1. Which residues, counting only those in the stretch 133-157, are closer than 13 Å to L68 by Cβ and either outside any helix (DSSP H, G or I) or acidic (D, E) (or both)?
2. Is there a residue being touching a helix residue (DSSP H, G or I) at 6+ places or on another chain (Cβ under 6 Å) and either on the phi > 0 side of the Ramachandran plot or open to solvent by 30 Å² or more (accessible area, probe 1.4 Å) (or both) anywhere in the stretch 177-185?
3. Scanning for something touching a residue at least 60 places away in the same chain (Cβ under 8 Å), in a helix (DSSP H, G or I), open to solvent by 10 Å² or more (accessible area, probe 1.4 Å) and in contact with a helix residue (DSSP H, G or I) (Cβ under 7 Å, 6 or more places away or on another chain), does the stretch 112-132 turn up at least one residue?
4. Please specify each residue of the stretch 272-321 satisfying the condition of being free of Cβ contacts under 8 Å to residues at least 40 places away in the same chain and touching an Asp or Glu at 6+ places or on another chain (Cβ under 6 Å).
5. Would you mind stating whether F325 is at pLDDT 85 or above, within 28 Å of I208 (Cβ to Cβ) and either open to solvent by 70 Å² or more (accessible area, probe 1.4 Å) or not in a helix (DSSP H, G or I) (or both)?
6. Which members of the stretch 80-108 meet the condition of being under 18 Å from G300 (Cβ atoms) and either open to solvent by 70 Å² or more (accessible area, probe 1.4 Å) or touching a Phe, Trp or Tyr at 6+ places or on another chain (Cβ under 7 Å) (or both)?
7. Any residue at all in the stretch 68-78 that is modelled with pLDDT of 85 or more, open to solvent by less than 20 Å² (accessible area, probe 1.4 Å) and not small (G, A, S)?
Amino acid sequence: MVNHSDKKFPKEMFQKAEYDESLAERIEKPSLSFWQDAWIRVRKNKAAIVSMVILTLLFIMALIGPYLSGHPTGQNVAHSNLPPKIEAISDISWLPFDGTLTNRNGETLTPYEDRQIEESYWFGTDSLGRDLFTRLWEGVRISLLIAFLATAIDMVIGVSYGAISGYFGGRVDNIMQRIIEILSGIPNLVIVILLILILEPGILSITIALAITGWVTMARVVRGQVLKLKNQEFALASKTLGATDFRIIYKHLMPNLVGVIIINTMFTIPSAIFFEAFLSFIGLGLQPPDASLGTLIEEGFKVILLYPYMLIVPAVVISLLMITFNLLADGLRDAFDPKMRD
């Protein structure tokens, strides 16, 4: 082994490193706000981005979809129970848009040719001859309206209730939490039935039923966050400077709860969509001729063996809504959580 301890190196082999003190505190990475940093992390989540794109397309179709097919929403019994048919892709055999049906005996039926119908219905028609493409997007529109309206009410009530309960604490918190426990013990279905006895089944009764107990989860989450934040330095400093309790809550604590509120809201929307569909499916929601995803699935379920497309189409759409909302909520939760930083 060669010993280099006594070996001397000439000074010409070395170069003095220059040090500029003015550059010691220079920020190499650009400063990012909370929202910019969160958006960068959301973009890295492919599932969240794909979900965002799919949801955007579904929202657009809910707005303009009923006007694309060119078929009115009225009844046309002569065109009842027609299978899906799209002229542009009707020649592709493996796609179910060629206007044919297969009965239980395996025979191929051609209702368009048999009835000499020249029009094409992209998603087929129901037993009353109504265009399912138009009714589908009208149903998506109503389902989203109910879900977003109920979620907005839940957010306003839940955030305010949870913030007040957590901030004031003591006897106020104890009484408010007992009220939440009572409401949590009442099933939503019981509330819906009671409301239907008072109100007519429809958008209003479903929205009220969702809003009565839906805010409880949001209130509990917000309360827990406020309990952690109310003793932080920024809140105590504001209180020392004479700020009122409600100013501290809404000007100082609320901005720090935005991420939690958005995440819980995103998880609440698919739950509201499913609950509305469930109520309509069992006959406690919207009533015919109004359309929602629940009523369309209920109508398709009755004739699933004869006309499976009536069930498959709305079932696929509601599945997309549920999956994409949950995946997007997961992505936002990871983006807003400081513990998930790289």
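The values are calculated or read from the model by the stated rules, or taken from the named source; none is laboratory data. These numbers were taken from a predicted model, which means no experiment stands behind them. Cβ placement follows ideal geometry from the backbone for every residue including glycine, while neighbour counts extend to all protein chains displayed. The protein model used for the area step is the full one, side chains on, heavy atoms only, and it has no ligands, DNA or RNA in it. Shrake-Rupley method; radii C 1.70, N 1.55, O 1.52, S 1.80 Å.
1. Result: E138, single match.
2. We begin by selecting, within the stretch 177-185, every residue touching a helix residue (DSSP H, G or I) at 6+ places or on another chain (Cβ under 6 Å); these are 180, 183-184.
Restricting the remaining residues to those that are either on the phi > 0 side of the Ramachandran plot or open to solvent by 30 Å² or more (accessible area, probe 1.4 Å) (or both) gives 183-184.
Yes, some residue in the stretch 177-185 is touching a helix residue (DSSP H, G or I) at 6+ places or on another chain (Cβ under 6 Å) and either on the phi > 0 side of the Ramachandran plot or open to solvent by 30 Å² or more (accessible area, probe 1.4 Å) (or both).
3. Yes, some residue in the stretch 112-132 is touching a residue at least 60 places away in the same chain (Cβ under 8 Å), in a helix (DSSP H, G or I), open to solvent by 10 Å² or more (accessible area, probe 1.4 Å) and in contact with a helix residue (DSSP H, G or I) (Cβ under 7 Å, 6 or more places away or on another chain).
4. F281
5. Details: at pLDDT 85 or above: yes; within 28 Å of I208 (Cβ to Cβ): yes; either open to solvent by 70 Å² or more (accessible area, probe 1.4 Å) or not in a helix (DSSP H, G or I) (or both): no.
So F325 does not fit the description; no.
6. Applying the first criterion (under 18 Å from G300 (Cβ atoms)) to the stretch 80-108 yields 80-85, 96-97, 101-104.
Within the stretch 80-108, N81, L82, P83, P84, K85, P96, T102, R104 qualify.
7. Within the stretch 68-78 (the criterion being modelled with pLDDT of 85 or more, open to solvent by less than 20 Å² (accessible area, probe 1.4 Å) and not small (G, A, S)), the answer is no, since none of the residues qualifies.
Residue-wise test of (1) in a helix (DSSP H, G or I); (2) closer than 26 Å to S292 by Cα; (3) hydroxyl-bearing (S, T, Y).
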residue: S160; (1), (2), (3): yes, no, yes
residue: A163; (1), (2), (3): yes, no, no
residue: Q177; (1), (2), (3): yes, no, no
residue: I182; (1), (2), (3): yes, no, no
residue: I191; (1), (2), (3): yes, yes, no
residue: T207; (1), (2), (3): yes, yes, yes
residue: I212; (1), (2), (3): yes, yes, no
